[in-house]
Amino acid sequence: MSEEMNPVSPRLVKVRYIRHLGWTVIFAAAAAAAGYWWTPWFYWAAGLFAVLFFWLIWLIPAQVRRMGWCETDDELLITRGKLWHTFTVVPYGRIQFVDVTSGPIDRALGLKKLQLHTASASTDATIKGLEAPLADALRTRQTWVWVAERLGEAAPTPYLDGRLYSADAARALAVVNETEETVRSLIVVGHMPW
């Protein structure tokens, strides 16, 4: 395979630190307090949570470095993991719809998660930690591939204009108005309501 995998954003490390390290600190502190007030046996639990904390500090960046994705002409490739390596190939013809979501921590750091839903309910076709504009652009491209496949020979040649991603209505109309008069058909694929 000659395609190079695209890495996810390194800011995903911060998101995962916030999600996973906070609770280990809380439980370690609670166990230490229980050890002080009730029985010293709780210090063992505090120690285990401390070990888990430092293990996660090492593990999370290693996991994020092993995550990647690649678009080809016919499919989307997703990879993650080393010890438990997963390589997912999603043919465009199997995609039913594409979700782009973002929780509060992701949104604060400008990241989104893209999930492809296919005819198989068990497919884990999720790319976490994408930069927000990139996730929106990837969703638009995946939607266009789906539409073009259904249009067949009648599908126009796509032109992807980055100015449309996250554009407001006025900006989108300005870009559309730049279309040459010789263009007979124009399709604008968008997912964000203006």
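The values are calculated or read from the model by the stated rules, or taken from the named source; none is laboratory data. Small disclaimer: the values here were computed from a predicted structure and weren't measured. A quick note on method: Cβ atoms are made from the backbone with ideal geometry, for glycine too, and the neighbour counts reach across all protein chains shown. Heads up: the accessible areas ignore ligands, DNA and RNA and are worked out on the full protein's heavy atoms, side chains in. Shrake-Rupley method; radii C 1.70, N 1.55, O 1.52, S 1.80 Å.
Here's the list of lysines a cross-link from K82 could span, going by alpha-carbon distance under 18 Å and ignoring same-chain residues fewer than 8 apart: K128. Full extension of the chain between Q63 and E131 yields a length gain of 22.8 nm, computed as 0.36 nm times the residue separation minus the alpha carbon distance. Taking amide H positions as modeled 1.01 Å from N, with prolines and chain starts lacking one, the residues under 5 Å from L76 and 5 or more places away or on another chain are V90, Y92. For the chain, build the charge dipole from Cβ charges (+1 Lys, Arg; -1 Asp, Glu) around the Cα centre, then report which of S122, L59, G110 sits farthest towards its positive end. Of the candidates, L59 comes out farthest on the positive side. Considering the chain as a Gaussian network with a 10 Å cut-off on Cα pairs, which listed residue, R139, R163, R66, attains the greatest mean-square fluctuation? Largest GNM mean-square fluctuation: R163. Which percent of the accessible area of region 54-163 is formed by carbon and sulfur heavy atoms (probe 1.4 angstrom)? The value for region 54-163 is 57 percent carbon and sulfur by accessible area. Only the Cβ atoms of Lys and Arg (+1) and of Asp and Glu (-1) were treated as charged; on that basis the dipole of the chain about its Cα centre amounts to roughly 1040 debye. Springs join every pair of Cα atoms under 10 Å in this Gaussian network model of the chain, and among F53, F27, F87 the largest mean-square fluctuation is at F27.
Accessible surface area normalised per residue over the chain is 65 Å², counting heavy atoms of protein chains with a 1.4 Å rolling probe. Electrostatic tally near P7: other residues with Cβ closer than 13 Å to its Cβ, Lys and Arg +1, Asp and Glu -1, net +3.
Dimensions of region 117-194 based on its C-alpha atoms, expressed as ranges along the principal axes with the largest first, amount to 46, 31, 17 Å. Annotation for R184 and R150: the two label points, set 7 Å from Cα along the Cα-Cβ direction, are 2.3 nm apart. Of interest is the spacing of the C-alpha centroids, which for region 154-185 and region 1-50 amounts to 47 Å. Over every Cα atom in region 49-194, the radius of gyration and the widest Cα-Cα span, Dmax, amount to 18.4, 67 Å. Under a Gaussian network description of the chain, with springs only between Cα atoms under 10 Å, the residue in L138, L56, L116 that fluctuates furthest is L56.
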